[in-house]
Amino acid sequence: MNRIMAVLGLVTLFGMSYNPIAQCGTKGRSSEGTNGAHLKKVDQDKIAWTKKKAGYWKKVLSRKQLLVCRQGGTERAFTGKHLYNKKSGVFVCSSCGHVLFDAKTKFKSGTGWPSFYDVFKKRGAVKLKVDRSYGMVRIEVKCARCGAHLGHVFRDGPKPTGLRFCINSVCLNHRSYSYARKHKNAIAELNKRRKSKKKSARR
């Protein structure tokens, strides 16, 4: 969380084109449901998702998923299937099945996209990247496991974090808490790799 706040602080420092109803990505494209059929055929926790090429994603994802998740687009406001989803559980990446958000942190933002005030288990769920596209400076939110574009994060969310993770529905699938427990080692493994890289960089 400290890293998220630090990155957002830098964006504010250098001047962010800010709008509480700011879009999560590029200009509107319509949304469509996701089914994650490709994830049912594999052991998703053992795949090197970052090594998957464009041809693979084109084959397994829907057209809308491809435009948003892999090409940085967005769905039109108020069209996403998870905007009004109030079910308990977790929201996972529709590209690789990685656990991203706990439904408990979802809130009604009025922006037209599913919004969360925190990520799942604090670390290992997402990674952040400065996005300077479209004449704005924003913080892009990407899946930590496969690198899929999810949306953007802003500093106008509720307590306790004050953050609003503005996420496209097409990038998400909803799963039960039992799913999160089953795949809990995936986040632990990502955190272990991050710590290992940091130690190597210091040497």
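The figures follow:
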{"item": "Criterion (touching a strand residue (DSSP E or B) at 6+ places or on another chain (Cβ under 7 Å), at pLDDT 95 or above and of a type in the set (D, E, K, R)) met by exactly one of Asp118, Asp156", "result": "Asp156"}
{"item": "Test for Leu67: is it over 26 Å from Tyr179 (Cα atoms) and at pLDDT 95 or above", "result": "yes"}
{"item": "Any hit, region 116-139, residues being surrounded by fewer than 17 Cβ atoms within 10 Å (Cβ to Cβ) and of a type in the set (Gly, Ala, Ser)", "result": "yes"}
{"item": "One residue from Lys27, Lys40 being assigned to a helix (DSSP H, G or I), at pLDDT below 90 and not polar (S, T, N, Q)", "result": "Lys40"}
{"item": "Scope region 38-81; condition surrounded by fewer than 18 Cβ atoms within 10 Å (Cβ to Cβ), under 20 Å from Ala144 (Cβ atoms) and touching a helix residue (DSSP H, G or I) at 6+ places or on another chain (Cβ under 6 Å); matching residues", "result": "His38, Asp45, Val60"}
{"item": "Unique match (being among the hydroxyl-bearing types (Ser, Thr, Tyr), modelled with pLDDT under 95, closer than 23 Å to Gly72 by Cα and in a helix (DSSP H, G or I)) among Tyr179, Tyr134", "result": "Tyr134"}
{"item": "One residue from Ser109, Ser88 being more than 17 Å from the chain's Cα centre (by Cα) and not in a helix (DSSP H, G or I)", "result": "Ser88"}
{"item": "Which numbered condition Arg145 fails, given (1) over 11 Å from the mean Cα position of the chain (by Cα); (2) buried (at least 21 other Cβ atoms within 10 Å of the Cβ); (3) among the charged types (D, E, K, R)", "result": "(1)"}
{"item": "Some residue of region 87-98 being of a type in the set (Lys, Arg) and over 20 Å from Arg181 (Cα atoms)", "result": "no"}
{"item": "Selection status of Leu100, of a type in the set (A, V, I, L, M), assigned to a strand (DSSP E or B) and either out of contact with any Phe, Trp or Tyr (no Cβ under 9 Å at 6 or more places or on another chain) or surrounded by 16 or more Cβ atoms within 10 Å (Cβ to Cβ) (or both)", "result": "yes"}
{"item": "Matching entry among Leu128, Leu172 (being over 18 Å from Lys64 (Cβ atoms), in contact (Cβ under 8 Å) with a residue 24 or more places away in the chain and of a type outside the set (D, E, K, R))", "result": "Leu128"}
{"item": "Tally, over region 43-62, of residues that are polar (S, T, N, Q) and part of a helix (DSSP H, G or I)", "result": "2"}
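The values are calculated or read from the model by the stated rules, or taken from the named source; none is laboratory data. Keep in mind that what you see is a predicted model, and the values were worked out from it rather than measured. Because the Cβ atoms are built from the backbone with ideal geometry, glycine has one as well, and the counts that use them run over all protein chains shown.
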